[in-house]
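Peer 1: Sharing a structure with you now.
The values are calculated or read from the model by the stated rules, or taken from the named source; none is laboratory data. This is a predicted model, so every value here is computed, not measured. Because the Cβ atoms are built from the backbone with ideal geometry, glycine has one as well, and the counts that use them run over all protein chains shown. With ligands, DNA and RNA removed, areas are computed over all heavy atoms of the protein, side chains included. Shrake-Rupley method; radii C 1.70, N 1.55, O 1.52, S 1.80 Å.
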Amino acid sequence: MRDTVITHSRLAWRHERAQAAVASHHGLQALPIEGLAARLAGGFLQPIDPDPLKAAITKALSADLGDLNQIKELPGFPRAAAATLSKAWAAGLNLANLAATADPEAASRLAAVARLEEEVLRRLPPSMRRPADLVSAALPRRVYARTLFGRIAVHGRTEMSPVWRPLLAALAAEIDVQWIAGPRSIACLLY
């Protein structure tokens, strides 16, 4: 029987693999939630890696970024922009829709971030997808989850970013999903 463990960090991933090796637990795979979604989405899709993201942001600085033009040349901008985009993606935000529906003062700032996102996505490798895109591609393929993952256990995570919650809820309807939250007794999956 195949087992899959969703880990929260690279260190936790290494720990799970070492424990499985010591226990001779063959068939165990340890993945971050992004890797699980990409694997279920199929093909050669993968989550956006931080290094190519920062490189794409650096290349996107040549484009007109609206309100961000004033600060895009400052030191640390690529790192701050990468953090902003990553957090927006983890929250499942659609920046273009937010910019279109926001009040006028916030709309120009949101439009600048949406423009940055558009430029960055054009410069990323075609196989890299935002979390919401991975979830959208993975949900129709959830019938393959039992074959790909077997039983799923979420280890050491006390909550899950909003973008991943629909995927976990759909997987729980198809296969056995256990949540071992760690120090908190109840995991946060509500949305």
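Peer 1: Test ALA96 against the criterion of being in contact with a helix residue (DSSP H, G or I) (Cβ under 6 Å, 6 or more places away or on another chain), open to solvent by less than 80 Å² (accessible area, probe 1.4 Å) and farther than 25 Å from ALA170 by Cα, and give yes or no.
Peer 2: Details: in contact with a helix residue (DSSP H, G or I) (Cβ under 6 Å, 6 or more places away or on another chain): yes; open to solvent by less than 80 Å² (accessible area, probe 1.4 Å): yes; farther than 25 Å from ALA170 by Cα: yes.
So ALA96 passes the test.
Peer 1: Looking only at the stretch 1-10, which residues are at pLDDT below 85 and not in a loop (DSSP other than H, G, I, E, B)?
Peer 2: Answer for the stretch 1-10, where residues must be at pLDDT below 85 and not in a loop (DSSP other than H, G, I, E, B): just ARG10.
Peer 1: Tell me, which residue of the stretch 56-72 that is touching a residue at least 40 places away in the same chain (Cβ under 8 Å) and not in a helix (DSSP H, G or I) is most open to solvent (accessible area, probe 1.4 Å)?
Peer 2: Per the criteria, the residue is ASP64.
Peer 1: Within the stretch 124-139, does at least one residue satisfy the condition of being charged (D, E, K, R) and over 22 Å from PHE44 (Cβ atoms)?
Peer 2: No.
Peer 1: Please work out if ALA111 is outside any loop (DSSP other than H, G, I, E, B), free of Cβ contacts under 8 Å to residues at least 60 places away in the same chain and surrounded by fewer than 13 Cβ atoms within 10 Å (Cβ to Cβ).
Peer 2: Spelling it out, it is not the case that ALA111 is outside any loop (DSSP other than H, G, I, E, B), free of Cβ contacts under 8 Å to residues at least 60 places away in the same chain and surrounded by fewer than 13 Cβ atoms within 10 Å (Cβ to Cβ).
Peer 1: List the number of the failed condition for GLU16; all other conditions in (1) part of a helix (DSSP H, G or I); (2) buried (at least 18 other Cβ atoms within 10 Å of the Cβ); (3) in contact with a helix residue (DSSP H, G or I) (Cβ under 7 Å, 6 or more places away or on another chain) hold.
Peer 2: Condition not satisfied by GLU16: (3).
Peer 1: For PRO75, which of the numbered conditions (1) in contact (Cβ under 8 Å) with a residue 12 or more places away in the chain; (2) not in a helix (DSSP H, G or I) fails to hold?
Peer 2: Against the list (1) in contact (Cβ under 8 Å) with a residue 12 or more places away in the chain; (2) not in a helix (DSSP H, G or I), PRO75 comes up short only on (1).
Peer 1: Taking the residues in the stretch 19-53 that are open to solvent by less than 20 Å² (accessible area, probe 1.4 Å) and farther than 17 Å from ALA145 by Cα as candidates, determine which candidate is modelled with the lowest pLDDT.
Peer 2: Across the stretch 19-53, the extreme among qualifying residues is ALA20.
Peer 1: So, one more: Report, ordered by the first and then the second residue, all pairs with beta carbons closer than 8 Å, sequence separation of six or more or different chains, a first member in the stretch 149-178 that is under 20 Å from SER136 (Cβ atoms), and a second member that is surrounded by fewer than 16 Cβ atoms within 10 Å (Cβ to Cβ) and of a type in the set (Asp, Glu).
Peer 2: If the second residue must be surrounded by fewer than 16 Cβ atoms within 10 Å (Cβ to Cβ) and of a type in the set (Asp, Glu), the pairs left are ILE152/ASP176.
Peer 1: Still on this structure: Which residues, counting only those in the stretch 118-134, are surrounded by fewer than 22 Cβ atoms within 10 Å (Cβ to Cβ) and assigned to a helix (DSSP H, G or I)?
Peer 2: Scanning the stretch 118-134 gives GLU118, GLU119, LEU121, ARG122, ARG123, ALA132, ASP133.
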